[in-house]
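The values are calculated or read from the model by the stated rules, or taken from the named source; none is laboratory data. Because the structure is a prediction, the values reported are computed rather than measured. With ideal geometry, Cβ positions are generated from the backbone for all residues, glycine too; neighbour counts draw on all protein chains shown.
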Amino acid sequence: MNIVNKLDFTGQHIYVGLDVHKKSWNVSIHSAHLEHKTYSQPPDPQVLGNYLRRNFPGAQYHCVYEAGFCGFWIYDRLKEQGLDCLVVNPADVPTNDKERVTKSDRVDCRKLARCLRDGQLHGIYIPSRIKIEDRNLLRIHQNLVKKQTRCKNQIKSFLHFYGKAIPDDVVCSHWSRRYIQELENIPMEGPTGIISLQTLLAELIHLRGLISKITREIIALSRTEDYRESVKCLKSIPGISTLGAMTLLTELVDIERFACFNRLASYVGFIPDVHGSGEKERQTGLTNRRNPTLRVLLIEAAWVAVRKDPAMMMAFNRLCIRMKKTRAIVPIAKKLLRRVRFVLKNRTAYQLAVV
């Protein structure tokens, strides 16, 4: 009689490093003491889950991959498969010189699995799927606004190239309907010039329509139960509009995930980069590690706040005595961030200082 011993990895941990791509994944599987296998597989979490359960039944599975173009659907699918998953910032993965020089997909997945096993990795915050979709709506709006600005600049360059001028009383109308109608009526020497101008104007009109549509959707979203009270509190801060409040809420998602203000300031990018060696240490300006959307938003809002909030104006005037205005606005933006944190944590409106 043959006795077959069944595999049982109960109580043991299996670590999986994933280097994910559109058409294939490179997978490196490690146990607590050795590397089991490094191979390539189709980009399907279920294939990975089946392999792990077949070869390591009863084990605890830990996976990791770098944040990138693929988003977080892999994270969600691996969780559904019963696999613990971590998504890391690629810049935070410890890398030695050999791995940097001989970089390949197999090297990367091995490095991830090894660092996961050694406890050297810290995952980034993963919002819920609905929060990610809300955030992407705001980001699409920002991208469309940038495209609209680029389109306007193209039209201006086109007109300057041919020496076409717009009447002064129309130029100051900030791209109103009248301004666009004047552009449509500008005479060109030939039919191709007219077609070129009309094409640029058609693109601008299309972008304006898309921006108006998405703006209405964002305003409607701001009035839902998930956002209504928080938007009301944020709008009480001078410089924060409805779009600004929704951008803050969708980018931060949950203010409680920042244990202190310094961590929030670090996430936004309001801390300096420091280079030190021995007794010498110098600061090199604001860090490049940032949330670019929030940092730009808060600096732009700070310019409004210094005009509408007496306390901000007083602080700004003091800073301008010893530095340029463009530098003085950064500490003001950081003060504005403190106020954002205060109203979100306390669920209360901001009160302007009174004499």
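So the values come out like this:
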item	result
Criterion violated by residue 149 - all others in (1) within 30 Å of residue 33 (Cβ to Cβ); (2) out of contact with any helix residue (DSSP H, G or I) (no Cβ under 7 Å at 6 or more places or on another chain); (3) not aliphatic (A, V, I, L, M) satisfied	(1)
Scan of region 269-308 for residues that are of a type in the set (S, T, N, Q) and under 20 Å from the mean Cα position of the chain (by Cα), ordered by number	287, 288, 291, 293
Helices (runs of 4 or more DSSP H) fully within region 149-231 counting 1 or more residues that are among the small types (Gly, Ala, Ser) and more than 31 Å from the chain's Cα centre (by Cα)	191-222
Candidates 281, 217 - the one that is closer than 21 Å to residue 327 by Cβ and outside the structural domain of residue 312 (by TED's automatic domain parsing)	281
Lone qualifier among 290, 338 - being at pLDDT 95 or above, closer than 26 Å to residue 139 by Cβ and out of contact with any strand residue (DSSP E or B) (no Cβ under 8 Å at 6 or more places or on another chain)	338
Close pairs from region 94-108: first farther than 16 Å from residue 65 by Cα, partner among the β-branched types (Val, Ile, Thr) and outside any loop (DSSP other than H, G, I, E, B), Cβ under 9 Å, at least 6 apart	98/107; 99/107
Unique residue being within 30 Å of residue 134 (Cα to Cα) and assigned to a helix (DSSP H, G or I) when the list is 289, 338, 307, 327	338
Residue tally, condition within 19 Å of residue 286 (Cβ to Cβ) and hydrophobic (A, V, I, L, M, F, W, C), over region 307-355	13
Filtered residues of region 26-42 (kept if without any contact (Cβ under 8 Å) to a residue 24 or more places away in the chain and of a type outside the set (Ser, Thr, Tyr))	33, 34, 36, 37, 41, 42
Residue in region 130-139 that is acidic (Asp, Glu) and over 21 Å from residue 242 (Cα atoms) present	no
Selection status of residue 224, farther than 30 Å from residue 307 by Cβ, of a type in the set (Val, Ile, Thr) and either touching a Gly at 6+ places or on another chain (Cβ under 9 Å) or modelled with pLDDT of 95 or more (or both)	yes
Qualifying residue in region 232-241 (condition: without any contact (Cβ under 8 Å) to a residue 40 or more places away in the chain, buried (at least 17 other Cβ atoms within 10 Å of the Cβ) and under 18 Å from residue 132 (Cα atoms))	no
Hey, residue 331 more than 25 Å from residue 227 (Cβ to Cβ) and at pLDDT 95 or above or not	yes
Flag if residue 212 is among the hydroxyl-bearing types (Ser, Thr, Tyr), free of Cβ contacts under 8 Å to residues at least 60 places away in the same chain and assigned by TED's automatic domain parsing to the domain that holds residue 155	yes
Complete set of residues in region 47-105 that are more than 24 Å from residue 9 (Cα to Cα), basic (Lys, Arg) and modelled with pLDDT of 95 or more	none
Check on residue 286, under 26 Å from residue 305 (Cα atoms), out of contact with any Pro (no Cβ under 7 Å at 6 or more places or on another chain) and surrounded by 12 or more Cβ atoms within 10 Å (Cβ to Cβ)	no
